[in-house]
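**Student:** One structure, pasted below without further comment.
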Amino acid sequence: MFESTLNEKHPLLEKLQLAAVAGLMVLGTMFVFSATMTNETAASLPLFKQFWFRQVVWYAAGICGAVIVCLVDYRTMSRWSYVIYWAAMISLVAVLFFGTVRGGARRWFDLGFFSLQPSEFAKLAFVLAMAHFLSRPADELRTPAIFWKAIGLMALPFMLIMKEPDLGSALVFVPAGFAMMLVAGVPRKYLYRLLGIVGLLGALILVDVLFAPPQWQIKLEEYQRQRLLVYFGKDFAPPNATPAEKERARRLQQEKSYQGRQALISVGTGGFIGKGWRQGNQTALGFLPPGASHTDFIFSVIAEEKGFVGSVIVIALYAAVFFTGLKIAGQARDRLGKVLAAGVVTLLFSHVFINIGMNIRIMPVTGIPLPLLSYGGSSVIGSLVAIGLLQNVYIHRKGY
């Protein structure tokens, strides 16, 4: 009787968050199906080769991973955080030498049935290690040495992932690390200085890319420079270019801006209620590139087929995940739990903001997935394990 009453007052799991995650998985399955089953050839493939079915398999694997994470107290897990962190760093180094090259980037281990992207799991390893590092006594957090060690913990995976190169995945370490230090109680004067330095560096890079002559430009991957030029509407051709060079630059600029334009058209043509599931012309006619419609641009598919209403539903489901995650952080029984939950929420929010932002042209195009909606084994499993970490903190919260 007493246990029953206790369970009613203190539920074991955060059910609203789990319901929102389940809703995202249902939508993910539906719209990966819609984006990939656009012709008879795709429909005739064996079931195990169809993307929507594989997505369901990744969901099942991710749920198993989340359950396993929930079975181990996060405080026990944190004792192994540095081992997990350095194993992740080793995998990031290994992929630079032994990974598969796709589109000029070396980010994956080809395992035959599955392409493993170690950066997705390095993000979680970083959050766990940073939370453990910042859970030390408050007096220690006020020392400059601890602050710079925390920066080093963040900078190492950032630089290794940039080397692949994968700017989008590298960028999410910055807000996650900043939020965790803020929640942990690192003096704000340090954080303001860090924010100022990052902002200044970002501004200098933009000025360099957009206005500096070629001989003075910072070395960036060419595709990264082109994406920034496309985003800011700058001409690819230098001022002294010949007419032939200007024509080649114009064609290249149209090619590089194609995905972003088509994604925006998809979002814009959806209207209020959309064209209907599997009725999106942009996907069916191949205007939204088939290789990207079910991954980076899945939000555009949803917006075209379910319109403004569908887009709001997606954002509402993510909002439920984030706000329940913040509630979990507030109810955590110790600083470790608070910082860990804050890191996971910021990590997921950064993915959502950047991905949806690039679909509606408020962010440059980057190869970053939309958690639980974009197709991809590493991303899906990593996102569900992240949800498992949040639930773990909730299970062991105060007063339970």
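**Student:** Cα centroids of the stretch 133-203 and the stretch 345-400: how far apart, whole angstrom?
**Tutor:** 19
**Student:** Another question, if that's okay. Under a Cβ-Cβ cut-off of 14 Å, what is the net charge of the residues other than residue 277 that fall near it, where Lys and Arg count +1 and Asp and Glu count -1?
**Tutor:** That sum, taken over residues with Cβ under 14 Å, equals +1.
**Student:** For residue 115, which sequence-distant residues (separation of 5 or more, or a different chain) have an amide H within less than 5 Å of its own amide H, given hydrogens modelled in the peptide plane?
**Tutor:** Residues meeting the amide H criterion: none.
**Student:** Okay, next question. Show me, for the stretch 343-360, the HN-Hα J-couplings you get by feeding each phi into the Karplus relation (A = 6.51, B = -1.76, C = 1.60, θ = phi - 60°), rounded to Hz, glycine and proline as x.
**Tutor:** Rounded to whole hertz, the list is x, 5, 4, 5, 4, 5, 4, 4, 4, 5, 4, 5, 5, 5, x, 6, 6, 10.
**Student:** I would also like to ask the following. Based on the alpha-carbon gyration tensor of the stretch 1-135 and its eigenvalue square roots a ≥ b ≥ c, which shape applies: rounded if a/c is under 1.5, prolate if not and a/b is larger than b/c, or oblate?
**Tutor:** Judged from the Cα gyration tensor, the stretch 1-135 comes out oblate (a/c at least 1.5, b/c at or above a/b).
**Student:** For a test of the definition: using alpha carbon positions, the gyration tensor, and the 1.5 limit on a/c, classify the stretch 336-400 as rounded, prolate or oblate.
**Tutor:** prolate
**Student:** Something else: Rounded, prolate or oblate: pick one for the chain, where a ≥ b ≥ c are the square roots of the eigenvalues of its C-alpha gyration tensor, a/c under 1.5 means rounded, and failing that, prolate if a/b is larger than b/c, else oblate.
**Tutor:** In terms of gyration-tensor shape, oblate.
**Student:** Same structure, new question: Compute the relative contact order of the chain as a whole-number percentage, counting only Cα pairs closer than 8 Å that sit 6 or more residues apart in sequence.
**Tutor:** It comes to 27 percent, rounded to a whole number.
**Student:** Which one of 175, 269, 44 has its Cα pushed farthest toward the positive end of the charge dipole of the chain, where Lys and Arg give +1 and Asp and Glu give -1 at the Cβ?
**Tutor:** Positive-most Cα among the choices belongs to 175.
**Student:** All other residues with a Cβ under 13 Å from the Cβ of residue 386 taken together, and with Lys, Arg as +1 and Asp, Glu as -1, what is their net charge?
**Tutor:** Here the count lands on 0.
**Student:** Considering only DSSP states other than H, G, I, E and B, which chymotrypsin sites (Phe, Trp or Tyr not before Pro) in the stretch 176-267 qualify as loop sites with at most 15 other Cβ atoms within 10 Å?
**Tutor:** 232
**Student:** Could I ask something else about it? How many percent of the accessible area of the stretch 104-226 is carbon or sulfur, using a 1.4 Å probe?
**Tutor:** Carbon-and-sulfur percentage of accessible area, whole number: 69.
**Student:** Let me ask another. Per residue of the stretch 240-255, in order, report the coupling 6.51 cos²θ - 1.76 cosθ + 1.60 (Karplus, θ = phi - 60°) as ³J(HN,Hα) in whole Hz, putting x for Gly and Pro.
**Tutor:** 8, 5, 6, x, 5, 5, 5, 5, 5, 5, 5, 5, 5, 5, 5, 5
**Student:** On to the next question. Of all the stretches in the chain, which is the longest one without any exposed loop site, taking trypsin sites (Lys or Arg not before Pro) in a DSSP loop (any state but H, G, I, E, B) with at most 12 other Cβ atoms within 10 Å?
**Tutor:** Here the longest segment lacking exposed loop sites spans 220-397.
**Student:** Related question: Which net charge results for the neighbourhood of residue 158, defined as the other residues with beta-carbon distances under 11 angstrom from its beta-carbon, given Lys and Arg at +1 and Asp and Glu at -1?
**Tutor:** +1
**Student:** List the residues, sorted by chain then number, that are 5 or more residues from residue 100 or on another chain and whose placed amide H is less than 5 Å from its amide H.
**Tutor:** Under 5 Å from the amide H of residue 100 lie the amide H atoms of 107, 108, 109, 110, each far enough along the sequence or on another chain.
**Student:** With r as the distance between the Cβ atoms of residue 140 and residue 396 and R0 = 22 Å, compute the FRET efficiency 1/(1 + (r/R0)^6) and round to 0.05.
**Tutor:** About 0.40, to the nearest 0.05.
**Student:** Find the relative contact order for the stretch 225-302 and round it to a whole percent, using C-alpha pairs within less than 8 Å whose residues are 6+ positions apart.
**Tutor:** Reported relative contact order: 24 percent.
**Student:** As a test question: what accessible area, to the nearest 10 Å², does residue 159 have when a 1.4 Å probe is rolled over all protein chains in place?
**Tutor:** 120
**Student:** Could you tell me which chymotrypsin sites (Phe, Trp or Tyr not before Pro) in the stretch 1-101 are loop residues by DSSP with no more than 16 other beta carbons within 10 angstrom of their beta carbon?
**Tutor:** Passing both the DSSP loop test and the Cβ count: 80.
**Student:** Dipole of the chain (Lys/Arg Cβ +1, Asp/Glu Cβ -1, origin at the Cα centre): which of 81, 111, 66 lies farthest to the positive side?
**Tutor:** Among 81, 111, 66, the one farthest towards the positive end of the dipole of the chain is 81.
**Student:** Any chance you could look up the accessible area of residue 312 with a 1.4 Å probe, heavy atoms only, rounded to 10 Å²?
**Tutor:** 70
**Student:** Could you work out the relative contact order of the stretch 15-134? I mean the mean sequence separation of Cα pairs under 8 Å and 6+ apart, divided by the number of residues, in percent.
**Tutor:** Result for the stretch 15-134 is 19 percent.
**Student:** Mind ranking 64, 70 by accessible surface for me, highest first, 1.4 Å probe?
**Tutor:** 64, 70
The values are calculated or read from the model by the stated rules, or taken from the named source; none is laboratory data. Small disclaimer: the values here were computed from a predicted structure and weren't measured. When we count neighbours, we look across all protein chains shown, and the Cβ atoms used for this are built from the backbone with ideal geometry, even at glycine. Just the protein is used for accessible areas: all its heavy atoms, side chains included, with ligands, DNA and RNA removed. Shrake-Rupley method; radii C 1.70, N 1.55, O 1.52, S 1.80 Å.
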